[in-house]
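The values are calculated or read from the model by the stated rules, or taken from the named source; none is laboratory data. Quick caveat: nothing in here was measured; it's all calculated off a predicted structure. Positions of Cβ are backbone-derived with ideal geometry, glycine not excepted, and every protein chain shown enters the neighbour counts.
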């Protein structure tokens with residue numbers, strides 16, 4: 001490893017590909033971070049790398065890494081921008097950045113593991129559950145012809161409300177154990193595969209007294225089979241819930257799977273020994289600002305958990321939510337513990353607020369006005385005359401032009417450092433909230449090409465495009481073979497013991513050779 005200098009941070013490591021692979025094979029606390037734009041990442045990225053794209057890195061790293069200590073192994077595609085991203089990570093987290101020399105191109109040239117897609121680790125794990133767990137599937141056409149006693153959509157309520165299947169009732173995975181229905185037939189589904197599979201196994205874990213089936217392909221499989229969806233749904237399973245049943249099933253999971261409890265003494269011992277741990281707050285009701293739905297967390301761990309090989313403490317206001325989350329996190333390879341009691345976590349991340357400048361009409365005389373907020377925010381409204389150019393494309397800007405740059409509050413400090421490093425001529429960086437209302441344009445616009453901060457991954461699969469729906473389901477089926485091609489499946493069979501889980505990142509890369 002060598003040390004390189006950047007304008008914004010003095011010591012950032014530069015590691016060769018072989019050194020990076022050795023790091024990934026150890027049990028050190030490590031975060032494997034791809035800082036390329038979201039579109040590039042979803043198209044193809046190193047297996048089990050999480051995405052903290054340059055265009056929204058401040059928001060992503062707060063969500064992924066909290067205040068954890070460890071190594072940030074960083075991969076990018078532009079040396080200047082990658083160095084800047086490493087400096088942002090060094091400034092904003094307690095991680096120690098080490099950049100992979102040669103970036104994603106070198107990774108590919110060494111034929112190291114790559115795959116594409118969104119929430120891919122959890123999607124692959126869902127396929128593993130179906131292969132090794134206690135899942136009974138039912139084809140959509142058979143489900144249409146043989147309706148069950150109860151049919152539950154296990155996604156968060158906002159997704160259920162947008163679209164679901166006829167006769168479906170909303171019941172997220174974390175709350176299935178609260179149901180007081182017995183000796184019944186139950187069909188479960190999500191929009192595709194993963195969450196429905198997890199839900200079916202969750203009921204099997206609780207030894208639930210019912211005949212349980214997962215509808216193959218969820219709403220997408222349903223449409224492919226010629227069925228229609230329902231929209232603007234409202235029916236909840238709360239009428240079937242019982243507090244007593246909920247407690248019984250939570251305790252059943254804790255005892256059956258010997259889920260470890262993080263007592264106050266345990267946390268004190270970790271603190272005295274300087275053992276780093278992360279606290280995760282979960283709730284299907286999302287009653288606190290920082291609470292994550294267990295259904296969402298397990299479906300997309302790569303959006304919330306970035307540092308491997310460290311204990312996680314799962315807390316929340318509902319014991320069943322916590323037990324379900326801890327069980328699944330341990331199966332995924334995270335060293336998850338249940339908190340002994342609920343301790344509210346602090347509120348949403350706060351960014352040091354920059355005192356807003358007073359508006360100056362002379363700013364409009366800039367050669368170019370650019371907006372680096374999200375493409376969705378820009379499409380909704382923008383400063384008149386501005387263009388959307390994300391930070392990952394700043395290398396296309398002419399240094400001789402005078403630029404006015406419109407930012408979110410969280411972006412402004414690091415954006416100012418970036419434009420200095422790129423030697424842009426006298427740029428002014430302003431926050432959106434200083435722009436007078438009369439200068440804001442909210443008219444309808446279209447982008448010339450798909451914005452790179454948005455994934456383009458079978459995008460119309462939920463809009464009735466059957467080709468996209470089938471392509472997405474085929475992609476999910478391809479994930480386990482991809483892991484086997486490069487190394488092996490990093491997870492234990494679902495019914496194996498959960499003692500001493502090993503990170504899927506470490507377990508996988510130990511079987512990978514350059």
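Looking across segment 228-240, the residues that are surrounded by fewer than 16 Cβ atoms within 10 Å (Cβ to Cβ) and on the phi < 0 side of the Ramachandran plot come down to 228, 230, 231, 234, 235, 236, 238, 239.
Residue by residue, here is whether (1) assigned to a strand (DSSP E or B); (2) outside the structural domain of residue 292 (by TED's automatic domain parsing); (3) in contact (Cβ under 8 Å) with a residue 40 or more places away in the chain; (4) buried (at least 23 other Cβ atoms within 10 Å of the Cβ) holds:
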residue	(1), (2), (3), (4)
135	no, yes, yes, no
148	no, yes, yes, no
155	no, yes, yes, yes
185	yes, yes, no, no
196	no, yes, yes, yes
201	no, yes, yes, yes
204	no, yes, yes, no
214	yes, yes, yes, yes
223	no, yes, yes, no
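Residues that are at pLDDT below 90: list the helices (runs of 4 or more DSSP H) wholly contained in segment 379-494 that include at least 2 such residues.
412-421
Condition check: within 19 Å of residue 33 (Cα to Cα) and at pLDDT below 95. Does residue 272 satisfy that?
When the stated conditions are applied, residue 272 does not pass them.
So is residue 139 in contact (Cβ under 8 Å) with a residue 24 or more places away in the chain, closer than 30 Å to residue 222 by Cβ and touching a strand residue (DSSP E or B) at 6+ places or on another chain (Cβ under 9 Å) or not? Taking the combined requirement at face value, the residue satisfies it. Across segment 157-168, the qualifying residues are those that are touching a strand residue (DSSP E or B) at 6+ places or on another chain (Cβ under 6 Å) and in a helix (DSSP H, G or I), and the one among them that is nearest to residue 317 (Cα to Cα) is 157.
Among the numbered criteria (1) buried (at least 22 other Cβ atoms within 10 Å of the Cβ); (2) at pLDDT 95 or above, which single criterion is violated by residue 65? Of (1) buried (at least 22 other Cβ atoms within 10 Å of the Cβ); (2) at pLDDT 95 or above, only one is false for residue 65: (2).
Quick grid of which residues meet (1) in contact (Cβ under 8 Å) with a residue 40 or more places away in the chain; (2) under 24 Å from residue 35 (Cβ atoms); (3) in contact with a strand residue (DSSP E or B) (Cβ under 7 Å, 6 or more places away or on another chain):
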| site | (1), (2), (3) |
| --- | --- |
| 418 | yes, yes, no |
| 432 | yes, yes, yes |
| 438 | no, no, no |
| 474 | no, no, no |
| 482 | yes, yes, yes |
| 493 | yes, no, no |
| 497 | no, no, no |
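If you go through segment 395-404 one residue at a time, do you hit one that is in contact (Cβ under 8 Å) with a residue 40 or more places away in the chain and more than 30 Å from residue 191 (Cβ to Cβ)? Within segment 395-404 (the criterion being in contact (Cβ under 8 Å) with a residue 40 or more places away in the chain and more than 30 Å from residue 191 (Cβ to Cβ)), the answer is yes, since at least one residue qualifies. Assessment of segment 76-93 against the conditions (part of a strand (DSSP E or B) and surrounded by fewer than 23 Cβ atoms within 10 Å (Cβ to Cβ)) yields no matching residue. The set of residues from segment 499-508 being out of contact with any strand residue (DSSP E or B) (no Cβ under 9 Å at 6 or more places or on another chain) and in a loop (DSSP other than H, G, I, E, B) comprises just one member, 499.
Can you tell me which residues in segment 384-405 are buried (at least 20 other Cβ atoms within 10 Å of the Cβ), in contact with a helix residue (DSSP H, G or I) (Cβ under 6 Å, 6 or more places away or on another chain) and farther than 23 Å from residue 75 by Cα? Matches in segment 384-405: 388, 404. Filtering segment 95-116 to residues that are assigned to a loop (DSSP other than H, G, I, E, B) and either out of contact with any helix residue (DSSP H, G or I) (no Cβ under 6 Å at 6 or more places or on another chain) or modelled with pLDDT under 95 (or both) leaves 101, 102, 111, 112. Residues that are crowded, with 18+ Cβ neighbours inside 10 Å, more than 19 Å from residue 205 (Cβ to Cβ) and more than 16 Å from the chain's Cα centre (by Cα) within segment 280-311 comprise 283, 288, 309, 310, 311, listed in sequence order. When residue 171 is tested against (1) in contact with a strand residue (DSSP E or B) (Cβ under 8 Å, 6 or more places away or on another chain); (2) surrounded by fewer than 24 Cβ atoms within 10 Å (Cβ to Cβ), exactly one condition is not met: (2). What about residue 244, is it surrounded by fewer than 14 Cβ atoms within 10 Å (Cβ to Cβ) and outside any loop (DSSP other than H, G, I, E, B)? When the stated conditions are applied, residue 244 passes them. Of the residues making up segment 49-71, one or more are assigned to a strand (DSSP E or B), under 17 Å from residue 93 (Cα atoms), without any contact (Cβ under 8 Å) to a residue 60 or more places away in the chain and in contact with a strand residue (DSSP E or B) (Cβ under 6 Å, 6 or more places away or on another chain).
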